[in-house]
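The values are calculated or read from the model by the stated rules, or taken from the named source; none is laboratory data. Quantities reported herein were computed from a predicted structural model and do not represent experimental measurements. Positions of Cβ are generated from backbone atoms using ideal geometry, with glycine treated the same way; all protein chains shown enter the neighbour counts. To get the accessible areas, we keep the full protein, side chains included, count just its heavy atoms, and leave off ligands, DNA and RNA. Shrake-Rupley method; radii C 1.70, N 1.55, O 1.52, S 1.80 Å.
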Amino acid sequence: MTLPALGVLGGTFDPIHFGHLRLAQELADTLGLARVCFIPTGTPPHRNSPQVSGAHRLQMVRIAIAGNPVFEADDREIRREGISYTYDTLTELRDELGERPLCLLMGADAFAALTTWHRWQELFVLAHVVIAYRPGFRLQELQAALPAPLRKIYLRRLAGAPGMLRVSAGSIVTREITALDISATHIRAMLAQGSSSRYLAPDTVLEYIDHNHLYKDRDAR
Ligand code: ATP
């Protein structure tokens, strides 16, 4: 019998906020995931360096998910030398999990940029890809805006059948989730100005930020 699927949510989590947590919770519930593993990136390939260290971002993830038995934090990308590639992470996880179904969770914005990811076409061999989108978002528009090679794969792999999570990898699944228009960029900007970010991220995370004087200015590490 196949074990229930595991979810992976990668991100800079600079800092983690309710948009990330809600995405993970709703996808875990609707897909019946046994666990969602939050994996903070070490050195991201296609964006500026995170504003605070991997150790702080990992600790904020740990604090944010504390008490949720379905969530766990994984420090492998923080520990790994060099640029963090999702491909490497999924390859490691696949070795550890055998044939167990694995779902790479992401927002529609992240999926639209997938062709910029290292060895992106091979990600589908390693995991299913689950695209979360907000109510009112038009998947037809996403489809039309995708670069041709990704659009082709999207149409070919889009799962119609509910049983797709019983196999280890290879499908694309789309799921509507509650819209929470929160971004870490906005939170960082508010913190740098000294404004309150309360109710955008867990109080415990905001207390950690305050206690460690994070995001006070752009160069803080
Ligand atoms: P930044 O503002 O620094 O770019 P971010 O808030 O977008 O950060 P990331 O760590 O880059 O967060 O995102 C990790 C994943 O979480 C991505 O797949 C992204 O699509 C998703 N995500 C981020 N914010 C939200 C949100 N408010 N609602 C749903 N998904 C989100």
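Here are the numbers for the structure shown:
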item	result
GLU122 - accessible surface, heavy atoms, 1.4 Å probe, Å² rounded to 10	70
Dipole moment magnitude, nearest 20 debye, the chain about Cα centre, only Lys, Arg, Asp, Glu C-beta charged	520
Spacing of the two label points (7 Å from each Cα toward its C-beta) at ALA113 and THR2, in nm	3.1
Sequence of ASP14, ASP75 from largest to smallest accessible area, 1.4 Å probe	ASP75, ASP14
Ranking by accessible area, most exposed first, for PHE13, PHE137 with a 1.4 Å probe	PHE137, PHE13
Contact order relative to length of the range 69-157, as percent, for alpha carbon pairs under 8 angstrom and 6 or more apart	29
Degrees, to the nearest 10: 18-31 long Cα axis against longest axis of the chain	30
Degrees separating the helix 54-65 axis from the principal Cα axis of the chain, which is the longest one	70
Label point at ASN48 placed 7 Å out along Cα→Cβ; residues across the range 185-201 whose backbone nitrogen lies under 15 Å	185-193
The chain: relative contact order in percent, alpha carbon pairs under 8 Å with at least 6 residues between	25
Between the range 174-213 and the range 94-121, the alpha-carbon center distance in angstrom	25
Per-residue [θ]222 nm for the chain (sum of -39500 (n - 2.57) over DSSP H runs n ≥ 4, rounded to 500)	-11000 deg cm²/dmol
Compactness of the chain, expressed as Rg and Dmax over alpha-carbon positions, Å	17.2, 54
The range 11-114 - percent relative contact order, Cα under 8 Å, separation 6 or more	29
Accessible-area value, THR116, 1.4 Å probe, nucleic acids and ligands omitted, Å²	90
Accessible carbon and sulfur surface of the chain relative to its total accessible area, %, 1.4 Å	50
Degrees between helix 148-157 axis and first principal axis of the chain (Cα, 0 to 90, nearest 10)	70
Among GLY136, GLY170, GLY194: highest mean-square fluctuation, GNM of the chain, C-alpha pairs under 10 Å	GLY136
Ranking by accessible area, most exposed first, for TYR215, TYR85, TYR208 with a 1.4 Å probe	TYR85, TYR208, TYR215
